[in-house]
Amino acid sequence: FKGPICADEIGVSMKSSSMVKYHFEGSFRSTIAEHIRVGFITPNPKGFLLGFSSMISGEFMTIMVSNSGHLRVVFDFGFERQEVIYPDKHFGLGQYHDVTLSRKNSGSVLVIQVDNYEPKEFQFNIKASADAQFNNIQYMYIGKNESMTEGFVGCISRVEFDDIYPLKLLFQQEGPGNVESLGTPLTEDYCGVEPFTHP
């Protein structure tokens with residue numbers, strides 16, 4: 001039984017062929033102020049952490065570690081494809097990182113916070129008539145998506161999209177049918193983040 005302790009600590013050890021896919025059910029969700037969180041460790045500075053996509057609108061968001069070890073966020077919410085690189089930090093050194101992304105000011109500002117550092121804000125020039133909504137989100141991918149041959153190698157934990165915790169759902173007994181792991185079977189892993197205890 002998964003108790004309420006540490007829903008956010010659940011992690012998964014990813015191999016290059018592993019992938020988790022979550023299907024947003026019910027009425028399609030469109031967002032203008034997402035709250036996204038992902039924790040990860042990798043010794044190998046490259047790979048796809050989280051992705052969201054819509055076949056309906058063609059809009060998407062991808063969060064990844066670039067080959068140079070930087071955090072890279074690429075998205076297209078209908079007002080041109082945007083790419084943001086989080087500077088000054090190398091993410092491929094085998095340390096645990098906790099990344100939070102959110103949007104504010106009607107979706108025109110992306111805020112990225114890494115670990116306990118000051119949040120960095122990225123402002124986008126969106127024309128007043130443009131739609132900054134992320135429309136009709138259908139799928140969330142962890143580790144890689146269907147178009148990729150090689151996925152992220154390392155540990156991914158604490159995945160959260162607004163009120164959805166896909167890894168928690170994945171490992172629930174009798175979990176819902178709209179989240180599945182594909183490729184190499186996955187095992188639960190705390191990613192070296194032990195639930196905090198005093199000696």
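The values are calculated or read from the model by the stated rules, or taken from the named source; none is laboratory data. If you're wondering where the values come from, they're calculated on a predicted model, not measured in any experiment. As a convention, Cβ positions derive from the backbone with ideal geometry for all residues, glycine included, and neighbour counts pool all protein chains shown.
Just a few scattered comments:
- Number of residues in the range 157-182 that are in contact with a His (Cβ under 9 Å, 6 or more places away or on another chain) and either of a type in the set (Val, Ile, Thr) or touching a residue at least 12 places away in the same chain (Cβ under 8 Å) (or both) equals 6.
- When the range 161-180 is filtered for residues that are surrounded by fewer than 19 Cβ atoms within 10 Å (Cβ to Cβ), in contact with a helix residue (DSSP H, G or I) (Cβ under 8 Å, 6 or more places away or on another chain) and part of a strand (DSSP E or B), only Glu180 remains.
- Remark: Val12 falls outside the filter, which requires a residue to be assigned to a strand (DSSP E or B), at pLDDT 95 or above and not hydroxyl-bearing (Ser, Thr, Tyr).
- Residue count for the range 114-137 under the criterion of being buried (at least 17 other Cβ atoms within 10 Å of the Cβ) and assigned to a loop (DSSP other than H, G, I, E, B): the result is 4.
- So Arg103, is it within 17 Å of the chain's Cα centre (by Cα) and free of Cβ contacts under 8 Å to residues at least 40 places away in the same chain: no
- Selection from the range 41-59 of residues that are closer than 22 Å to Ser17 by Cβ and either of a type in the set (Phe, Trp, Tyr) or part of a loop (DSSP other than H, G, I, E, B) (or both): Thr42, Pro43, Asn44, Pro45, Lys46, Phe48, Phe52
- Extreme residue, nearest to Phe152 (Cα to Cα), among residues of the range 76-99 that are hydrophobic (A, V, I, L, M, F, W, C), surrounded by 13 or more Cβ atoms within 10 Å (Cβ to Cβ) and modelled with pLDDT under 95: Phe91
- Meets criteria (in contact with a Leu (Cβ under 7 Å, 6 or more places away or on another chain), surrounded by fewer than 21 Cβ atoms within 10 Å (Cβ to Cβ) and either under 17 Å from Glu146 (Cβ atoms) or in contact (Cβ under 8 Å) with a residue 40 or more places away in the chain (or both)) for Met64: yes
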